[in-house]
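Every number here is computed from the coordinates shown, using simple stated rules; none is lab data. Source: prediction; values computed, not measured. FYI the Cβ positions are ideal-geometry reconstructions off the backbone, even for glycines, and counts take in every protein chain you see.
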Amino acid sequence: MTGTSRHHLRLMIPGPCELNPADLAVLARQTVPHYGDSWAPMFRTLLDDLARLLDAEVAYALPGSGTAGLEIALANLFTAGDRVVVPDTGYFGIRLAEIAQALGLRVELLPQPLDAPIEAAEVEDKLAGADGLLVVHVDSTTGIRQPVAELARRARTAGVTVVVDAIASAGGEDIRLRASGIDAVVTAPQKGLGAPPGLAIVAFDGHGVRRMSTHRPRSWYFDLARWAQARAEDEWEPHPVTMPTAIVGALRAAVTRILDTGVESWVARRRDLATELRRRLRAAGLDLNAPEDCSANLVTVIRCPDPGILARRTANRGIMIGQGLPPLTGAVRIGLLGNTAGRQWVDRVVGALAEES
Ligand SMILES: Cc1ncc(COP(=O)(O)O)c(C=O)c1O
């Protein structure tokens, strides 16, 4: 590396992302109270905007990471002993299964190929008698966009509740809870939404809201009924704990940007950029993991026998990319997120990867 310490590498990892420079000023402001006449309406508007972005009935944002959001969704929708089906889409499919197990759910893990999308009909065959289907929309292990709307359609017909991990897809893929019959979606600010990490975002469609109202988790913090009550009844402080006010402020700025652009146009730009990245990577002779028609917009996975070489090439040009995740360790992962989701960055990363070292 030529005078560039690792700390100064520009981020093209699959999250967290660099922020839009305009939002840095939001983070630099003095701390504000997490209650009061200006805070409470702003926070309620943010939750409504998150619901709008995801076409959800209701959205919650709790301090925590995306994984906390997964646990919150499962704890509020299922009871110990319930049976859930989990396609093993990679590292984060396994995490979803582990969270379900930790909550006492009976998990049926469905093995999946790492280089092809889930076959919805095969999953449907396993749904008889199940209570839930838990699926990762884009497992950043593979860079494959899974057919969650199709899976949700079949699951709803079978009376099975669907929870989607959209942590690596929201803000970059078409996700519509109400239109597709997805009961719950979990995401986090630090990827497609373009904001800092630190919040768990959990959204429900009407069906999910009704199911949730019949389940109380054995948890104080994760009990969404408590958060719903504060929101409905407390004009002054619409949540039961201190919120990370700076992160909420930056998320508000980032979500407003997406909604002002229009969700469809925003996602279309992400799709075009990712298509361009893949075209250029293939032209450079690199081996992409996902088939073109189900390639994710925010994460691109390149298979390679020695990922260290590719990571060093980009680091030498001042860019950090992600290493492969198990079980696909012979790979690198490129994120097109936040401030580095732009053509100039596609040029730079492809130029670096194509370089002979
Ligand atoms: C698909 C997916 N699920 C879950 C997670 C975990 O999110 P967090 O690290 O915010 O808990 C990630 C993070 O990379 C992810 O990409």
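Which percent, to the nearest 5, of DSSP beta bridges fully inside region 73-184 are antiparallel? Here the share of antiparallel DSSP bridges comes out near 10 percent.
For region 321-347, the residues whose backbone nitrogen is under 20 Å from a point 7 Å from the Cα of ARG312, taken along Cα to Cβ, are 321-325, 329-334.
Label-to-label distance for ASP287 and THR157 is 3.8 nm, based on points extended 7 Å past Cα in the beta-carbon direction.
Computed from Cα atoms alone, the Kirkwood hydrodynamic radius reported for region 165-303 is 17.4 Å. Assuming charge only on the beta carbon of Lys and Arg (+1) and of Asp and Glu (-1), the dipole of the chain about its Cα centre is about 680 debye to the nearest 20. Based on C-alpha pairs under 8 angstrom that are at least 6 apart in sequence, the chain has a relative contact order of 26 percent. Rounded to the nearest 500, what is the chain's calculated 222 nm mean residue ellipticity when only DSSP H runs of at least 4 contribute -39500 (n - 2.57) each, over all residues? When only DSSP H runs of four or more count, the value is -12500 deg cm²/dmol. Once you reduce region 307-331 and region 54-94 to the center of their Cα atoms, the two points are 29 Å from each other.
Summarising the strand pairing of the chain, around 55 percent of its internal DSSP beta bridges are antiparallel.
In terms of other Cβ atoms within 10 Å, ILE175, ILE258 run from fewest to most in the order ILE258, ILE175. Taking square-rooted eigenvalues a ≥ b ≥ c of the alpha carbon gyration tensor, is region 1-143 rounded, prolate or oblate, where a/c under 1.5 means rounded and, failing that, a/b exceeding b/c means prolate? Oblate, because a/c is 1.5 or more while a/b does not exceed b/c. Other residues whose C-beta falls under 10 angstrom from the C-beta of ARG106 contribute a net charge of -2, scoring Lys and Arg +1 and Asp and Glu -1. Got a sec? Charge dipole of the chain, +1 on Cβ for Lys and Arg, -1 for Asp and Glu; which of TYR60, SER169, LEU310 is way out at the positive end? The Cα lying farthest towards the positive end belongs to LEU310.
How would you classify region 150-199 from its alpha-carbon gyration tensor, with a ≥ b ≥ c the square roots of the eigenvalues: rounded for a/c under 1.5, else prolate if a/b is greater than b/c, otherwise oblate? Taking the square roots of the gyration eigenvalues as a ≥ b ≥ c, region 150-199 is prolate. Oblate is the label for the chain, because the ratio a/c of its alpha-carbon gyration tensor axes (a ≥ b ≥ c) is 1.5 or higher and a/b is not greater than b/c.
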